[in-house]
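Trainee: The structure is given below, and queries will be raised subsequently.
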Amino acid sequence: MATMSAVDDGEQLVGIGDIAFQLKITRQAVDYWTRKDPKFPEPLQVINAPTGSGAKGTRVWRKREVDAWIIDHYRRRKA
């Protein structure tokens with residue numbers, strides 16, 4: 001995974017809640033895709049994950065990569 005310093009100033013990042021809101025679906029559905037769909041983009045960064053605690057933290061993705069996945073995969077599933 002890249003570090004946050006690798007993000008361009010103008011790059012938009014999204015989390016599970018942002019994606020769910022955009023698609024009008026549950027956060028649980030988005031979480032499932034992010035873990036089970038091998039074509040879903042890798043998270044750019046996991047933030048707020050305590051070291052050694054086993055906690056997941058918050059995953060963030062590049063919005064443009066998620067939008068491309070939505071066009072290629074999600075919209076096709078709904079058709």
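The values are calculated or read from the model by the stated rules, or taken from the named source; none is laboratory data. Just so it is clear, the structure is predicted and the values come from calculations on it, not from any experiment. Glycine also receives a Cβ, built like all others from the backbone with ideal geometry; neighbour counts cover every protein chain displayed.
Trainee: Here is a list of conditions, (1) at pLDDT below 95; (2) outside any strand (DSSP E or B), and Asp67 meets all of them except one; can you say which number that is?
Mentor: All conditions pass for Asp67, except number (1).
Trainee: Taking the condition aliphatic (A, V, I, L, M), surrounded by fewer than 16 Cβ atoms within 10 Å (Cβ to Cβ), modelled with pLDDT of 75 or more and out of contact with any Cys (no Cβ under 6 Å at 6 or more places or on another chain), does Ile25 pass?
Mentor: On the way: aliphatic (A, V, I, L, M): yes; surrounded by fewer than 16 Cβ atoms within 10 Å (Cβ to Cβ): yes; modelled with pLDDT of 75 or more: yes; out of contact with any Cys (no Cβ under 6 Å at 6 or more places or on another chain): yes.
Taking the combined requirement at face value, the residue satisfies it.
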